[in-house]
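Here is the structure we will look at, set down as C-alpha cells.
The values are calculated or read from the model by the stated rules, or taken from the named source; none is laboratory data. Values in this document were obtained by computation on a predicted structure and should not be read as measured data. Cβ: placed from backbone, ideal geometry, glycine included. Neighbour counts: every protein chain shown. We work out accessible area using only protein heavy atoms, side chains counted, and drop any ligands, DNA or RNA first. Shrake-Rupley method; radii C 1.70, N 1.55, O 1.52, S 1.80 Å.
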Amino acid sequence: MSPPAPAGAAAPASSVVFDNIGALVTNDPLLGDGPLGLRQRCALVAVDGRVAWVGGAGQAPEGTGDRLVDVGGRAIVPGFVDSHTHLVFAGDRSAEFAARLAGRPYKAGGILATVTATRAAPEDVLEATVSRLAAEAQSSGTTTLECKSGYGLTTHDEERSLRIAKDHTEDTTFLGAHTVPAEFAGRPDDYVDLVCTDMLDACAPHARWVDVFCEVGAFDADQAREVLRAGARRSLVGRVHANQLGAGPGVRVAVEAGAASADHCTHLAPADVDALSAGPTVATLLPGAEFSTRSPYADGRRLLDAGATVALASDCNPGTSYTTSIPWCIALATREMGMTVDEALRAATLGGARALRRDDVGHLGIGARADLVVLDAPSYLYLAYRPGAPVVAEVWRRGELAWAAEPQRFGPF
Ligand code: NIG
Ligand code: FE
C-alpha cells in the first residue's frame, strides 16, 4: 500500500477534510474501538485519494483541507467491496424468478437461457448493462467490485465479456467453466479441454481470477481442479462457486487449490468448515442468491465461530440474485445468517477485500484508499435497522465525490 504523497510534493495535494462525523467505522483497531475500529465525533482527512489522518472533530491539522465537508453528525463507513458479481449478460429471467416463488426449485438450468441471450447481444448493449449495474452498485455504496464472465461460453464470447468488464474493474474473473453449453451437451470433458486451452489463452490477458462452478450438474471435483490448474499456469488465482445447491467437494477443492475464496458455502459438512477456518480461503456468503432461490441461508455464525474469514457479496446476476445492494445483503445476513451488524458490515468491507486479496480497500486505516460512504444516519447500525430504505447519502471514491442522493421533493400524500 503506498502512503499518501508527502506535503510539499511537486503537485499541490488535493485534500478533503470530513469533519463532524458522528460515528466512523475504520475497520482498523489501531484507530478506534473493537474490530470495527469505531470512533465517535471525529474527523478524517484524505490527501490525494488516500486516508492521511483520523482524529477528533474540529481538530484536523491546520491547512490540510482544500475542501471541507461537514458531515453533520452522520456516520461514515468504508466503501463496500463486492467481491462476487456477474454483470455481463443479456436477457430477462423474471418469469423464472416468479416461478420459483410459486414453488419451482432452482437447478441452475436457466444459465443457458442467459448464455443464448448474451451471445446474441451486440457489444454496446452488454456494455450498457454493465455500466448501468456498476453505477447502481456505486449508488448503494459499493466502491470496489469484482465482475465475472460466464454467460458467453465460447472463446469469442468469454473474451468479449471480460474485455467489457475490464473497462469497469481490475478485478475481473474468467468463469468459462460456469456450465456446459448446449453444443457440448454430453461431452463435458471436451468442453473443459476447450476452457483449459484456447479459451483461457484468449481470456487470461483480461482476467485476474479464474472461477469454476463445482456442483452436480456443472463441473465435478476433477474438472474443477483442472480448470484451476490451467488458470494458475496463466497466473490467475482461483475462486470457486462451491456447495451452493448441495453438499459436495467444492469447498475442499477451493481450499486445496489455494483459492482466494469459496463462494456460496450454503451446504457445508463439518470438514468444510474446518478447512475454511484452517486456511486463507475466504468463505464468501451470498444471501441474495438464497433469497431468490428460496434456499436455506448459509450459516455465517458457524463459520465465524470456527474462525473462518467471511465475506458478504451481492452475486448480482439475472438468475439467482438480481440485486447490487450490499446494504440489503447486510440486512439479510443479520436476520438470516446469524451475523451481528458489526460482523456483516466487516464482511461486506474488509471481508470482501480479503476475498480479493487487497489491502488498499475495505478499511479506512492510514494509507488506505479514501473510498467511503456517508450514511443518512447517525450510526452504521442503520444499514440493517432500515432495510430497503435509502440509507446511503454520499459515496466517495479515492477522495472524490462519486455519487450523492438527490434532495427529496415532497408534498402531502
Ligand atoms: O452464483 N451458481 C452459479 N452461478 C450463479 C447463477 C447463475 C444463473 O442462474 O444465471 C450464482 O448463483
Ligand atoms: Fe455467482
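A compact table of results
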item	result
The one condition in (1) more than 14 Å from ligand 2 (Cβ to nearest atom); (2) under 18 Å from D315 (Cβ atoms); (3) open to solvent by less than 60 Å² (accessible area, probe 1.4 Å); (4) not polar (S, T, N, Q) that H84 fails to fulfil	(1)
Set R335, R302, R294, R358: member being farther than 22 Å from P35 by Cα and open to solvent by 10 Å² or more (accessible area, probe 1.4 Å)	R294
Filter pass, V115 being within 16 Å of ligand 2 (Cβ to nearest atom) and either free of Cβ contacts under 8 Å to residues at least 40 places away in the same chain or open to solvent by less than 50 Å² (accessible area, probe 1.4 Å) (or both)	yes
Residue match in region 329-342 (condition: within 16 Å of ligand 1 (Cβ to nearest atom), under 25 Å from A254 (Cβ atoms) and within 16 Å of the chain's Cα centre (by Cα))	yes
Pair list, Cβ under 9 Å, 6 or more apart: region 344-360 residue on the phi > 0 side of the Ramachandran plot and in contact (Cβ under 8 Å) with a residue 40 or more places away in the chain, other residue assigned to a loop (DSSP other than H, G, I, E, B) and open to solvent by less than 10 Å² (accessible area, probe 1.4 Å)	R357/A260
Residue match in region 372-380 (condition: small (G, A, S) and not in a helix (DSSP H, G or I))	yes
Every residue from region 378-404 that is closer than 21 Å to V17 by Cβ and either in the same structural domain as V341 (by TED's automatic domain parsing) or surrounded by fewer than 21 Cβ atoms within 10 Å (Cβ to Cβ) (or both)	P378, A393, E394, R397, R398, E400, L401, A402, W403, A404
Close pairs (9 angstrom Cβ cut-off, 6 or more residues apart or separate chains): within 18 Å of H84 (Cα to Cα) in region 204-228, within 15 Å of ligand 2 (Cβ to nearest atom) and modelled with pLDDT under 95 anywhere	F213/A108; E215/A108
E127 vs. criteria touching a residue at least 40 places away in the same chain (Cβ under 8 Å), more than 30 Å from L350 (Cβ to Cβ) and away from ligand 2 (no atom under 16 Å from the Cβ)	yes
Residues of region 252-268 satisfying the condition of being within 14 Å of ligand 1 (Cβ to nearest atom), closer than 20 Å to G352 by Cα and not small (G, A, S)	D263, H264, C265, T266
Residue match in region 34-52 (condition: more than 16 Å from ligand 1 (Cβ to nearest atom), touching a Cys at 6+ places or on another chain (Cβ under 7 Å) and part of a strand (DSSP E or B))	no
Pairs where the first residue, in region 257-283, is touching a residue at least 12 places away in the same chain (Cβ under 8 Å) and the second is basic (K, R) and open to solvent by less than 10 Å² (accessible area, probe 1.4 Å), C-beta under 8 Å, 6+ apart	A259/R239; A260/R239; S261/R239; A262/R239; D263/R239
T64 being at pLDDT below 95, open to solvent by less than 60 Å² (accessible area, probe 1.4 Å) and among the hydroxyl-bearing types (S, T, Y)	yes
Test set (1) of a type in the set (D, E, K, R); (2) away from ligand 2 (no atom under 16 Å from the Cβ); (3) in a helix (DSSP H, G or I) - E158 fails condition number	(2)
Unmet requirement for D92, which otherwise passes all of (1) away from ligand 1 (no atom under 16 Å from the Cβ); (2) in the same structural domain as K166 (by TED's automatic domain parsing); (3) open to solvent by 60 Å² or more (accessible area, probe 1.4 Å)	(1)
Yes/no for T309 being in contact (Cβ under 8 Å) with a residue 40 or more places away in the chain and open to solvent by less than 10 Å² (accessible area, probe 1.4 Å)	no
Residue in region 273-288 that is crowded, with 18+ Cβ neighbours inside 10 Å, farther than 21 Å from L350 by Cα and assigned by TED's automatic domain parsing to the domain that holds T323 present	no
Scope region 143-183; condition among the small types (G, A, S) and either surrounded by fewer than 19 Cβ atoms within 10 Å (Cβ to Cβ) or within 15 Å of ligand 1 (Cβ to nearest atom) (or both); matching residues	S149, G150, G152, S161, G176, A177, A182
S235, sole failed condition from (1) open to solvent by less than 50 Å² (accessible area, probe 1.4 Å); (2) closer than 23 Å to A165 by Cα; (3) small (G, A, S); (4) away from ligand 2 (no atom under 15 Å from the Cβ)	(1)
Extreme residue, farthest from ligand 1 (Cβ to nearest atom), among residues of region 100-142 that are in a helix (DSSP H, G or I) and modelled with pLDDT under 95	L101
Region 252-303, subset among the polar types (S, T, N, Q) and farther than 27 Å from G388 by Cα, residue nearest to ligand 2 (Cβ to nearest atom)	S261
